[in-house]
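This report refers to the structure that appears directly beneath it.
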Amino acid sequence: MLNFSKINILSIYLIFFLISIFSVLNLQDQDNLIIDKKVNLGLDLQGGSYLLLEINSDSLVEEKLQSKVIPLKKIFKDNEFNYSDFKINKNFITLKIDNIENFEFIFFSKKNNPVNPYIDNYRSFELDYEELENNYIKISFSKFGLLTINNSALKQSIEIVRRRIDDVGTKEPTILQRGEKRILVELPGLKDPERIKNLLGKTAQLNFRLVSENSEFGIDELISDTGEKLKISKRIVMSGENLIDAQPSIQNQQNEPTVSFTLDRLGAQKFGRATTDNVGKRLAIVLDGNIISAPNINEPITSGNGMISGNFTFQEATDLALLLRSGALPTPLNVVEERSVGPDLGEDSIKSGVTSLIVGFILVILFMFYKYKIFGLVANTALVANLLMLVGFLTILEATLTLPGIAGIILTVGMAVDANVLIFERIKEELKTEKSIIHAFDTGYSKAKITVLDANITTLIAAIILFAFGSGPVKGFAITLGIGIITTLFTAYFLARHLSSIIVLRNSNKEINI
Amino acid sequence: MIKDINFVSKFKKANIASISIFILSIIFIFFKGLNYGIDFKGGTLIELRTETTIEASSIRDSLNSMNLGDVNVKNFGKDGDYLIKVEQKDTNNNLIPRIKETLSSNLNTEVDFRRVENVGPKVSAELLESSIIAISLALAAMLFYIWVRFEWQFSVGSIIALFHDVVITLGIFSILSLEINLSIIAAVLTIVGYSMNDTVVIYDRIRENLFKYTKISISDIANLSINETLSRTIITSVTTLLALVSIYILGGEILRGFSFAMILGVLIGTYSSIFVASPILKFFKVSYKTLEKNEEKIVP
C-alpha cells in the first residue's frame, strides 16, 4: 500500500490540482468574471425571497363546466335524447335520464364530440359520469380532464408570473413548475417581497362594463372607489385581453398619476362602438371584481387609446400598468409558502458561518497535530486539500451554498479526519506486533480500507436521502455533506497515504511515533 | 493508548438506563408532544430588529391587539433582535405589511424585518410527511446496507441503536420544548449517518475478531473490539464535537438548534454504538459460525 508508481502519483496530484483549482474561481471579482463558474449563494446567505404559489382552479373548473351546458343540451336535442331535471352545481351537473346506453353512446363518442373531447395523451375523456339513484346521473370532469385544466392554467400562469417578474426587473429570477398546481419562484437579492407578492396575488382581470339600472344580461352591484354603490351590467364591453400596452402617466391638469392604455384593433372597434352608443352614460372599469373608477363617457373614443384614473399613487399606477401589460392570470394564485431573508441578515449569516468554519477548522487541526504529531500534519494537509477539493467540486457543479451548507462543510471538517484516525489507529495496533514500520503501515492501510469505506457509505446514504427529500437550505447541506465524503475518501486514501509513504520510506530505519 | 475497560460488565446497567430513557422519551413525545416550528405546523415567523431596545412583552401586547391567534415573541441573539411566531389560520396575503405597520406605530421605532417565513397549512403537512418518509427511508437504507455487508443480527443491532438515538434525541427536544423544524430533521438524518458510522467501525472489528479468535465468547470479542477501536471512537467524537461546538457558539442563532441536535446526536450515537449495538450481538449469540453460514458475503 505504500508503493506508488510514478503514474499513480502523477494522477493523484493532477486530480487534486484540477479539482481544487476551481475553488480559486470564487475569488474573482463578482462583476468581472473571467470564467463564469462559481459557487452560488443560497437565498439565506445573499438575501432574497422564495415563494411557492398555488393556483386555485375551482373557479376555472366551474366556468369551464358552465360552458359545457349549452353544447351538452344541444347534442341531447340533436340526438333526440330525453332527459329531465337538469341541474348545474359548482363542479358537477345532475340530470335524470331514461336510457343509460343511449346516453353513453352520445356522451362517449370519439368522433365529433365538442362537449366531451377525447384526450389522446391520457386515453381518457374530459368528462366522466357516475350513476346515482333513480335514474339520475352526475356529470363531472374526469381525473385527467381536471389535470388538463390545471395543467394549462399552470402553464399560462407561469408565463404571466414570468412576465410580471421580468417587468419588475429583479436579477436572475428562478421560476419553475412544481407538481400539478404549484409554481416555485426564487428571487435573489429582492428587497421588497411584499410588492412582488402583491403583483403576483392579483389575477388582474380587467373589464369595462356600463353602469346601468337594468340590463338584459343581469346586474352586479359593486362599490366604487368613491364609496357609492353602483349597479353595473354583467355585459362586458371590452376586457383586458384587448390591451396591447399600458403605461403609467401623469395627467397634466391635476398632476394625477393615471394609466394610459392602447388597444388592439378589435378592442379599439369594440370600445369605439360602445363609447359611441353610450355617450353620457358611465363606464365602470372593473379590476378583479372591484371598481377602479366609473367615469362619464363624454365623447366617443375611437382612437384605441384610453386612460384609467382612480386616485392612484405613482407606484400604484406603475404596478397597475405592469399588471395590465403582462395580462391576466387564469386563476388566483395563493402564496402557500414564503421564505424571505433580508440582505443584512444574509451578510451576518455568512460572517458567522465563515467564522465558525475557521474556528472549527483550527481547533480540529490543533487537536490532530497534538494527537499525531508529524502524521497529524499529514492528516491536516489532507484536510486542507479536502476543503479545497470540496469547494472546487461545488464550483464545478455551480452548487448553491446555504447556511446549513456551511454547517455541512464544518461537519465534513470534523468527520473527515475520521478516515485518517481510523487508519492511524490501525497502524498503531499493527506496530505493537509488527517490527517493520513499512509493513505496519502497509497492513494498517489495507485493513482499515473496508472499515473506512463502510463507515463513509452509511453517511453518504444519509446525504443522498437528505438531498432527495430536503428543500432549499437542507438540500445545500446534503450537497456539501455528500461531496465532502467523496473528497474525504480521496484525500485520505490517496493523498494522505502518499504523504505517509514518503515519511515512512525516508525514515524506515528510525523509530516512528504515531 | 492502551485501554482495557470491561465494557461488557456494564452492558446490563447501560441497557437498563437506555431502556428507561428510551421509554421516558416516548412518553414525552406522545404526551407532551414535539414543539413543531412553522415548517410543520404552519404559520408565520418573523425575525426583526428594532432601532432601540424594547421589551419583548410590548411586542407581544401590540401583536395581541391584532387578534392573530397564538403569538410567540422571544429575544433572538443580540439586543434588539426578536423572533415572532404567529399561528395564523387564514392565508391573508397582507399579513406581513399589517404587522409591520402595527409594530412601527405602536413601538415608535424603526422596525426592520430581517427574515420572514410563512408556511401554509397544506405545505406544512406535506413537509412533515416528507420528513417522516425521509427518516424512515434512511433507516431502511441503513438496515439494507448492513444486511448486505454483514449478517441480519448486525443489521438488527445497528437499527435498534439508530432508533435509540433518534427517539432519545427527539425525546430531549420534547423535554426541553425545543423547536423541531426542517434543519432539525436534517440534523437527525446526519445523526443517523454518524451513529451508523460509529457502529459500523465496531462491528467491522467484531467481525474481524470473530474470525481471528474462534474460541472466545462473543462477550469477550465485543469487549476486545470496543477497546481496540475506543481511541478512534473518542478521537473522532472529539474532532466532530470541536467542529459542532464551534458552530453552536459562533454560527449564529439560526444554526443553534441544528448544532445542538447534532451535538446531542454525536454523544448519544457514540454511546449507543458501544452500549446498544454491541450487546445486541451478544443477545443473538453471534459467533464465527453465524458468519460462516454466509461465507460468500464476507469481504476479508
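None of A:F271, A:F217 is of a type in the set (F, W, Y) and crowded, with 19+ Cβ neighbours inside 10 Å except A:F271. Residues in segment A:39-57 that are of a type outside the set (F, W, Y) and in a strand (DSSP E or B): 9 in all. Within segment B:170-177, not a single residue is within 10 Å of another protein chain (Cβ to nearest Cβ) and of a type in the set (G, A, S).
Screening A:I119, A:I70 for residues that are more than 30 Å from B:I96 (Cα to Cα) and surrounded by 13 or more Cβ atoms within 10 Å (Cβ to Cβ) leaves exactly one candidate, A:I119.
Within segment A:474-496, identify whether any single residue is buried (at least 24 other Cβ atoms within 10 Å of the Cβ), within 24 Å of A:K435 (Cα to Cα) and in contact (Cβ under 8 Å) with a residue 24 or more places away in the chain, and answer yes or no. Yes, segment A:474-496 contains at least one residue that is buried (at least 24 other Cβ atoms within 10 Å of the Cβ), within 24 Å of A:K435 (Cα to Cα) and in contact (Cβ under 8 Å) with a residue 24 or more places away in the chain. Of the conditions (1) surrounded by 14 or more Cβ atoms within 10 Å (Cβ to Cβ); (2) on the phi > 0 side of the Ramachandran plot; (3) not polar (S, T, N, Q), A:G280 fails just one. Which one is it? Result: A:G280 passes all but (1). Selection of segment A:411-445 for residues being touching an Asp or Glu at 6+ places or on another chain (Cβ under 7 Å) and over 26 Å from A:G484 (Cβ atoms) yields A:E429, A:A440, A:T443. Going by what's in this entry, would B:A187 be described as outside the structural domain of B:K74 (by TED's automatic domain parsing), out of contact with any helix residue (DSSP H, G or I) (no Cβ under 7 Å at 6 or more places or on another chain) and aliphatic (A, V, I, L, M)? No: the conditions fail for B:A187.
Restricting attention to segment B:178-213, the residues that are free of Cβ contacts under 8 Å to residues at least 60 places away in the same chain, more than 10 Å from every other protein chain (Cβ to nearest Cβ) and part of a helix (DSSP H, G or I) add up to 2.
Within segment B:128-144, is there a residue that is buried (at least 16 other Cβ atoms within 10 Å of the Cβ), assigned by TED's automatic domain parsing to the domain that holds B:F283 and touching a strand residue (DSSP E or B) at 6+ places or on another chain (Cβ under 8 Å)? Yes.
Restricting the first member to segment A:288-306 and to residues that are part of a strand (DSSP E or B), and the second to residues that are hydrophobic (A, V, I, L, M, F, W, C) and crowded, with 16+ Cβ neighbours inside 10 Å, the beta-carbon pairs closer than 6 Å and six or more apart or on different chains are A:I291/A:L222; A:I291/A:A284; A:I292/A:I285; A:S293/A:I285; A:G306/A:F261. Quick one: would you say A:I406 is surrounded by fewer than 19 Cβ atoms within 10 Å (Cβ to Cβ), facing chain B (nearest Cβ under 10 Å) and of a type in the set (A, V, I, L, M)? Spelling it out, it is not the case that A:I406 is surrounded by fewer than 19 Cβ atoms within 10 Å (Cβ to Cβ), facing chain B (nearest Cβ under 10 Å) and of a type in the set (A, V, I, L, M).
Of the candidates A:K181, A:K281, A:K197, the single residue that is in contact (Cβ under 8 Å) with a residue 12 or more places away in the chain, more than 28 Å from A:V161 (Cβ to Cβ) and of a type in the set (K, R) is A:K281. So is A:R182 among the charged types (D, E, K, R), within 30 Å of B:F113 (Cα to Cα) and touching an Asp or Glu at 6+ places or on another chain (Cβ under 6 Å) or not? Yes: the conditions hold for A:R182. Report yes if some residue within segment A:146-157 is under 30 Å from A:D98 (Cα atoms) and assigned to a helix (DSSP H, G or I); otherwise report no. Checking segment A:146-157: at least one residue is under 30 Å from A:D98 (Cα atoms) and assigned to a helix (DSSP H, G or I). For segment A:353-386, the set of residues classified as over 35 Å from the mean Cα position of the chain (by Cα) and of a type in the set (S, T, Y) consists of A:Y370, A:Y372, A:T381, listed by residue number.
For segment B:224-235, the count of residues that are under 21 Å from B:N6 (Cα atoms), aliphatic (A, V, I, L, M) and either buried (at least 24 other Cβ atoms within 10 Å of the Cβ) or modelled with pLDDT under 90 (or both) is zero.
Test B:I216 against the stated conditions and say whether it is in a helix (DSSP H, G or I) and out of contact with any Cys (no Cβ under 9 Å at 6 or more places or on another chain). No, not satisfied.
A single entry from A:L422, A:L403, A:L394, A:L388 fulfils the requirement of being in contact (Cβ under 8 Å) with a residue 12 or more places away in the chain and closer than 17 Å to B:A243 by Cβ: A:L403. Set side by side, the residues A:V341, A:V359 differ, and just one is within 9 Å of chain B (Cβ to nearest Cβ) and surrounded by fewer than 24 Cβ atoms within 10 Å (Cβ to Cβ), which is A:V359. Going by what's in this entry, would A:S471 be described as at pLDDT below 85, more than 8 Å from chain B (Cβ to nearest Cβ) and either over 30 Å from B:E117 (Cα atoms) or under 46 Å from the mean Cα position of the chain (by Cα) (or both)? The answer is no for A:S471. When A:M389 is tested against the conditions (1) more than 10 Å from chain B (Cβ to nearest Cβ); (2) within 30 Å of A:L206 (Cβ to Cβ), the lone failure is (2). Taken over segment A:432-459, the residue count meeting the criterion of being among the hydrophobic types (A, V, I, L, M, F, W, C) and either within 8 Å of chain B (Cβ to nearest Cβ) or surrounded by fewer than 20 Cβ atoms within 10 Å (Cβ to Cβ) (or both) is 5. Only a single item in (1) within 33 Å of the chain's Cα centre (by Cα); (2) surrounded by fewer than 16 Cβ atoms within 10 Å (Cβ to Cβ); (3) under 30 Å from A:G408 (Cα atoms) is not met by A:S59, and it is number (3). Within segment B:3-55, the set of residues being of a type in the set (S, T, Y) and either in contact with a strand residue (DSSP E or B) (Cβ under 9 Å, 6 or more places away or on another chain) or within 14 Å of chain A (Cβ to nearest Cβ) (or both) comprises B:Y36, B:T44, B:T50. Just the residues that are of a type in the set (V, I, T) and at pLDDT 85 or above, please, taken from segment B:50-93. B:T50, B:I59, B:V71, B:V73, B:I84, B:V86 - these are the residues of segment B:50-93 that are of a type in the set (V, I, T) and at pLDDT 85 or above. Within segment B:236-277, the set of residues being facing another protein chain (nearest Cβ under 8 Å) and not in a helix (DSSP H, G or I) comprises B:G251, B:G252.
The values are calculated or read from the model by the stated rules, or taken from the named source; none is laboratory data. Since the model is a prediction, treat every value here as computed from it, not as a measurement. Note: ideal-geometry Cβ built from the backbone for every residue, glycine included; neighbour counts use all protein chains shown.
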